[in-house]
Structures are given as C-alpha cells and as structure tokens.
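Report on one structure; see the data block that follows.
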Amino acid sequence: MKLIAANWKMHKTPSEAREYVNKFLELYEAKQGREVLICPPFTSLCAVQETLEGSEIKLGAQNCYYEKEGAFTGEVSLKFLKELGCSYVIVGHSERRHIFGESDEIINKKVVACLEEGIRPIICVGEKLEEREAGITFKVIENQLRLALSGVENYTDRVDIAYEPVWAIGTGMPATPQDAVAVHRFIRDLIKVLNPESGMNFRVLYGGSVKPDNAKEFTKYREIDGFLVGGASLKPETFIEIVNAFKDVN
Ligand code: PEP
C-alpha cells in the first residue's frame with residue numbers, strides 16, 4: 001500500500017491544525033491501496049488526533065526519544081506518543097541529523113525503541129550535495145541504513161524508509177524520478193541482502209521538494225512507494241493534490 005506522509009515540521013498551533021484537518025477531510029476521498037499520514041509537531045498531536053477521529057488517516061510524530069521515561073528534560077517517549085494515537089514516527093530526518101547533530105547511533109537507538117513499542121519508524125536517509133557530486137551517494141545511503149538498523153532483526157515488515165536527498169529538501173529542486181528510482185532500487189536490494197529470509201513489506205518513500213506539479217511523474221515508477229512531503233503538505237489544497245497523484249496507482 002502506498003504511503004503519503006505530511007511532515008509539518010515546526011508549523012501549526014493546535015487551532016491551526018484543527019482547521020487544516022477539517023478542510024483536508026472535506027477534500028479527502030478514501031481509496032484502497034493508499035495510506036495517508038499526518039505528522040504535526042508534538043504540541044498539535046492531540047488536536048490532530050481528535051479531529052481525525054473516525055477517519056482512516058494515520059497520525060505520526062516527527063521525532064521521539066528512545067528511553068521510556070525518566071530525567072530527560074524536554075524529551076518525548078514513544079509510550080507517550082502511542083497513548084496519543086501515533087502509529088508512525090519519523091526517525092533521522094535530515095534536519096535532526098544536520099541541525100541538531102543527531103548521530104547514527106542515536107538514530108539506531110530510536111529505531112530499536114520504536115520497534116519495541118510497536119510504532120513504525122520512517123527511517124530517513126539521504127546524501128548531501130557534496131556527497132552526490134563526489135559520486136558516493138550509494139555508499140552514504142548504505143552506511144546510514146546499516147547503522148540505523150544495526151542489531152535489529154526481523155524488521156522488514158515493521159519499518160519504512162524515506163530517501164530524502166539533503167539538497168532536495170526545502171529547495172524547490174527535487175531529484176529526478178530516475179535518480180530517485182536508482183536509489184530506491186539500491187535500498188530495496190540492500191535490505192534484501194541484509195534479510196534474505198524476511199518479507200519485503202517495507203516501503204521506500206521519496207522526499208525532497210515534492211509538489212503538486214511534479215508528484216504525478218514520480219508515481220509512474222513502481223519503485224516509488226509513496227512520498228514524505230514537507231512544505232507542500234502545509235496547505236490541505238496542495239497536500240490533497242499530492243495524495244491524489246496516487247489515485248489510480250496500485
Ligand atoms: C521533508 O521535510 O521531509 C521534506 C521533504 O521537505 P520538502 O518537501 O519541503 O522538501
């Protein structure tokens with residue numbers, strides 16, 4: 001099933017979030033084969049959860065901490081997120097890695113904690129522009145994935161991966177669908193090599209300047225299992241167009 005996820009980043013107060021979701025639900029047509037996820041900031045999770053009540057749209061968080069509880073001022077555990085109705089958490093987003101210095105080791109701990117709590121992590125990987133230009137994109141992706149999943153077993157049906165080239169996030173310059181497809185294939189093959197006996201029920205999403213006018217082009221490729229959308233998810237009218245790009249795709 002395709003997954004189209006909205007990452008609101010640090011946008012929308014609870015009242016703005018309610019207004020958005022009410023509008024989005026008016027526009028949204030349920031369709032099999034497509035899962036839609038909204039990831040608001042922590043402070044708007046409750047408002048979104050209450051407004052989504054009774055709909056099939058899923059709720060996710062943009063981050064988490066890996067400990068269950070304790071003296072960790074300012075952090076939010078997966079237990080708290082689960083009680084609020086989150087079924088997904090974005091882990092290792094490039095802004096967490098590069099603005100907040102989140103290491104591969106911390107990302108791995110978060111992935112492990114998500115799986116223990118039964119919350120599906122969306123593990124973000126992606127190369128910087130200089131790494132692409134140096135021709136080491138696949139190496140960077142392989143390293144990030146191996147480290148994020150190190151010591152974890154039987155995960156292939158319990159995680160999703162988002163390929164988000166750092167240079168494409170928030171820049172208005174998406175990867176070409178062909179470049180994205182090449183990385184998505186590489187990710188799928190790598191996970192297969194790492195888990196020869198397991199199922200392949202994870203999805204590889206593309207993220208990085210997906211907009212209503214370029215989304216359809218990506219959906220032509222079966223390797224694109226969905227999108228992680230930042231800027232263009234902030235308006236219900238644009239996010240619905242991206243969701244609907246997958247309307248006739250299975
Ligand atoms: C993101 O935040 O994950 C993202 C892909 O942002 P944008 O769509 O704005 O590039």
Could you list, in sequence order, all residues of the stretch 204-250 that are closer than 22 Å to VAL48 by Cβ and away from the ligand (no atom under 13 Å from the Cβ)? PRO236, GLU237, ILE240, GLU241, VAL243, ASN244, PHE246
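Any residue that is among the β-branched types (Val, Ile, Thr), farther than 22 Å from MET1 by Cβ and either out of contact with any Cys (no Cβ under 8 Å at 6 or more places or on another chain) or within 16 Å of the ligand (Cβ to nearest atom) (or both) - is there at least one of those in the stretch 79-101?
Of the residues in the stretch 79-101, the ones among the β-branched types (Val, Ile, Thr) are 89-91, 99.
After this cut, where a residue has to be farther than 22 Å from MET1 by Cβ as well, the list is 99.
Now drop any that are not either out of contact with any Cys (no Cβ under 8 Å at 6 or more places or on another chain) or within 16 Å of the ligand (Cβ to nearest atom) (or both), which leaves 99.
Yes - at least one qualifying residue is present in the stretch 79-101.
From the list LEU45, LEU78, LEU59, LEU84, which one is within 26 Å of ASP157 (Cβ to Cβ) and in contact with a strand residue (DSSP E or B) (Cβ under 6 Å, 6 or more places away or on another chain)? Spell out how you get there, then give the answer.
Working: LEU45 fails: in contact with a strand residue (DSSP E or B) (Cβ under 6 Å, 6 or more places away or on another chain); LEU78 fails: in contact with a strand residue (DSSP E or B) (Cβ under 6 Å, 6 or more places away or on another chain); LEU84 fails: in contact with a strand residue (DSSP E or B) (Cβ under 6 Å, 6 or more places away or on another chain).
When all the criteria are applied, what remains is LEU59.
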Unmet criterion (only one of (1) more than 22 Å from ILE191 (Cβ to Cβ); (2) aliphatic (A, V, I, L, M); (3) open to solvent by 10 Å² or more (accessible area, probe 1.4 Å)) for ALA61: (3)
Examine the stretch 222-232 for a residue that is loosely packed, with under 15 Cβ neighbours inside 10 Å and within 24 Å of THR156 (Cα to Cα), and state whether such a residue exists. yes
Name the one entry in GLU26, GLU75, GLU19, GLU35 that is closer than 23 Å to TYR163 by Cβ and of a type in the set (D, E, K, R). GLU35
Of those in the stretch 103-156 that are among the polar types (S, T, N, Q) and either touching a residue at least 60 places away in the same chain (Cβ under 8 Å) or out of contact with any helix residue (DSSP H, G or I) (no Cβ under 7 Å at 6 or more places or on another chain) (or both), the residue farthest from ASN7 (Cα to Cα) is ASN154
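Considering only the stretch 201-213, I want to know if a residue exists there that is open to solvent by 60 Å² or more (accessible area, probe 1.4 Å), farther than 28 Å from ARG18 by Cα and not basic (Lys, Arg).
Residues of the stretch 201-213 open to solvent by 60 Å² or more (accessible area, probe 1.4 Å): 201, 211, 213.
Now restrict to residues that are farther than 28 Å from ARG18 by Cα: 201.
Okay, now just the ones that are also not basic (Lys, Arg), so 201.
Taking every residue of the stretch 201-213 in turn, at least one turns out to be open to solvent by 60 Å² or more (accessible area, probe 1.4 Å), farther than 28 Å from ARG18 by Cα and not basic (Lys, Arg).
Conditions (1) in a loop (DSSP other than H, G, I, E, B); (2) modelled with pLDDT under 95; (3) surrounded by 22 or more Cβ atoms within 10 Å (Cβ to Cβ); (4) of a type in the set (A, V, I, L, M), marked per residue:
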position	(1), (2), (3), (4)
GLU75	yes, no, no, no
TYR88	no, no, yes, no
GLY101	yes, no, no, no
GLU130	no, no, no, no
LEU145	no, no, no, yes
Got a number for residues in the stretch 233-250 being under 28 Å from LEU190 (Cα atoms) and surrounded by fewer than 17 Cβ atoms within 10 Å (Cβ to Cβ)? 2
Which of the residues spanning the stretch 147-200 are of a type in the set (Val, Ile, Thr), within 16 Å of the ligand (Cβ to nearest atom) and loosely packed, with under 14 Cβ neighbours inside 10 Å? THR171, THR176
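Looking at the stretch 9-42 only, could you name the residues that are surrounded by 14 or more Cβ atoms within 10 Å (Cβ to Cβ) and hydroxyl-bearing (Ser, Thr, Tyr)?
Looking only at the stretch 9-42, we keep the residues that are surrounded by 14 or more Cβ atoms within 10 Å (Cβ to Cβ), and these are 9, 11-12, 14, 16-21, 23-25, 28, 31, 34-42.
Within the stretch 9-42, TYR20, TYR28 qualify.
The values are calculated or read from the model by the stated rules, or taken from the named source; none is laboratory data. Just so it is clear, the structure is predicted and the values come from calculations on it, not from any experiment. Here Cβ is always computed from backbone atoms with ideal geometry, including for glycine, and neighbour counts include all displayed protein chains. Ligands, DNA and RNA are stripped out before the accessible areas are found, and what is left, the full protein with its side chains, is counted by its heavy atoms. Shrake-Rupley method; radii C 1.70, N 1.55, O 1.52, S 1.80 Å.
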